[in-house]
Amino acid sequence: MMKRTMRPLFSVLLLMAVAATLAVRVTLRYSSIELKNEYPFAVKAQKPVINETLLKYASVDIGEPKLKKEVEELLEGNFRTHSRHRSFLSSGRYRIDIRPRTARGIPVQLRSPEFYRLWQSFRRHLQDWFRNRKFHKEDVMVDLVNTVKVPIDRHNGKVGSEKRYKSCAVVGNSGILLKSQYGELIDSHEAVIRLNNARTGGFEGRVGSKTTLSFVNSNILHLCARREGCFCHPYGVNVALVMYVCQPVHFLDYMVCNSSHKAPLIVTDPRFDMLCARIVKYYSLKRFVEGTGKPLQEWAPAHDGANFHYSSGLQAVILALGVCDKVSVFGFGKSSSAKHHYHTNQRAELKLHDYDAEYDFYRDLVERPQVIPFISDMFKYPPVSIYQ
């Protein structure tokens, strides 16, 4: 009789225990969800684990010895490997014969005071540029407002403005733009950054017509230096030119052209250049190892390591991160049916760039910027949108 009485009671107690367990699990589950909703960045705030080996390899500039030798030759006045600049220096404009030299290779016939000033300025800028490449500066991203935006604002009469642009459009040159109609959207941004003086005439509906600054590599200025008055203003003489130096001899072009430019001609901080180089090399190394399974030592032969370089577009995007509160990216990407550039007939990509690695960077920039290496933890990323 006792056994029959205990069975129902035991069953009831068992059911109550199971119900209590389920209730606790549900409570914990929902409290966890509420915590995540209340602190949406709690997980993201943790510093991601980044491959230290990749960081080490990405920090090494394989082309440094070659660059150092080239700079030393230029500082000594040796232009034997730069035929274009030999003819430029020995032209009637500066009336100088660069063939006679001292034992150290320094030109001895300086017939023009104008050239002497140009030469001294060239050597000073080149020395400073090369020396600053060796220093990694944590706050270089924060300095971009003062080194880039403030001089442009001052030229446009906006004195004392040290705030970022409210919105920026970085317009790439990919042929995929020919399939879009982003012109009006691009021009609606406070600032529009274009690359390598790509023309807009005839493409306004697709790429817009507004330009705040033209971001170029020094090869573009080198071509402009051949023109009368060093004309390099496809967007108007009041549009600033921001340039990174990809060949040190191009500082001669900068010396000559800077004096003739009405708008600012700004050379990027070499420490900023080194930051961009390290970032893209990190992503290229990572993609190489994960995609091929080969050791890191085989990356350089596969990518012509000494000449490997980031694209102008990548540096323009990173520049925008430092001077804009909101960044929109247009014309970055590729398609088998599209030209490489919307404004030319070029179809092939340049081999010295790793575009796929750069696309990996852009993806992280949108989805998880906290995993991007080398940029200071104190830097606040603006929201980024990419339009395909």
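The values are calculated or read from the model by the stated rules, or taken from the named source; none is laboratory data. Quick caveat, the model's predicted, so the values are computed rather than measured. Methodologically, a virtual Cβ is constructed for each residue, glycine included, from the backbone with ideal geometry; neighbour enumeration extends over all protein chains shown. What goes into the accessible areas is simple: the full protein's heavy atoms, side chains included, and nothing from ligands, DNA or RNA. Shrake-Rupley method; radii C 1.70, N 1.55, O 1.52, S 1.80 Å.
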Which numbered condition D273 misses (of (1) at pLDDT below 85; (2) under 30 Å from G77 (Cα atoms))
(1)
When only residues in the stretch 224-262 that are part of a helix (DSSP H, G or I) and free of Cβ contacts under 8 Å to residues at least 24 places away in the same chain count, which is nearest to G201 (Cα to Cα)?
E228
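Yes/no matrix, rows are residues, columns are (1) open to solvent by 30 Å² or more (accessible area, probe 1.4 Å); (2) touching a Lys or Arg at 6+ places or on another chain (Cβ under 6 Å); (3) among the aromatic types (F, W, Y):
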| site | (1), (2), (3) |
| --- | --- |
| S161 | yes, no, no |
| Y165 | no, no, yes |
| Y182 | yes, no, yes |
| H189 | no, no, no |
| N196 | yes, no, no |
Can you tell me which of (1) at pLDDT 90 or above; (2) buried (at least 19 other Cβ atoms within 10 Å of the Cβ); (3) out of contact with any helix residue (DSSP H, G or I) (no Cβ under 7 Å at 6 or more places or on another chain) is the one H353 doesn't meet?
(1)
For F308, are the conditions met, namely being over 30 Å from D153 (Cα atoms), open to solvent by 20 Å² or more (accessible area, probe 1.4 Å) and in contact with a helix residue (DSSP H, G or I) (Cβ under 9 Å, 6 or more places away or on another chain)?
yes
